[in-house]
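Trainee: The structure that follows is given in the form of structure tokens.
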Amino acid sequence: MRQGIWFAAGIGAGVYAMVRARRVAEAFTPDGARDRLSGVRVGARMLAEEFSTSSAERELELRERFGLVPHGVPELTPGASDAPSAGTISASGEASPSGPPRPASPSSPQEGTD
């Protein structure tokens, strides 16, 4: 009985070694190298697609979270078309100052601020 177990174990180890040796030999042939290289290309392409998809999903989540409009769509506020933008000339021909509005300077110093 003992000899039969060792005989079967030897056969199993031999078959395993032959299969592994055949796979290694096939991997170093031109066809095997080409297959491995194409597998790496497919993996890299899948990784890039997954990255771009998840990046776009995350960007959409963040835009929704912070109330931003989708990328590429101009953000318009109500009444923005009525008011002249900075640095433009109104219909009456008056030029509006460019840049942000300046705060009004106080006409008299505030009392009690020493």
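Every number in this text was worked out from the coordinates using simple rules, so none of it is lab data. Owing to the predicted nature of the structure, the values given are computational and were not obtained by experimental measurement. In this analysis, Cβ positions are derived from the backbone assuming ideal geometry, glycine residues included, and neighbour counts consider all displayed protein chains.
Trainee: Please label the shape of region 1-74 as rounded, prolate or oblate, based on the square roots a ≥ b ≥ c of the eigenvalues of the alpha-carbon gyration tensor (a/c under 1.5 means rounded; beyond that, a/b larger than b/c means prolate, else oblate).
Mentor: oblate
Trainee: Now for a separate question. Which Cα, out of 37, 66, 14, lies furthest along the positive dipole direction of region 2-66 (beta carbon charges, K/R +1, D/E -1)?
Mentor: The listed residue farthest towards the positive side: 14.
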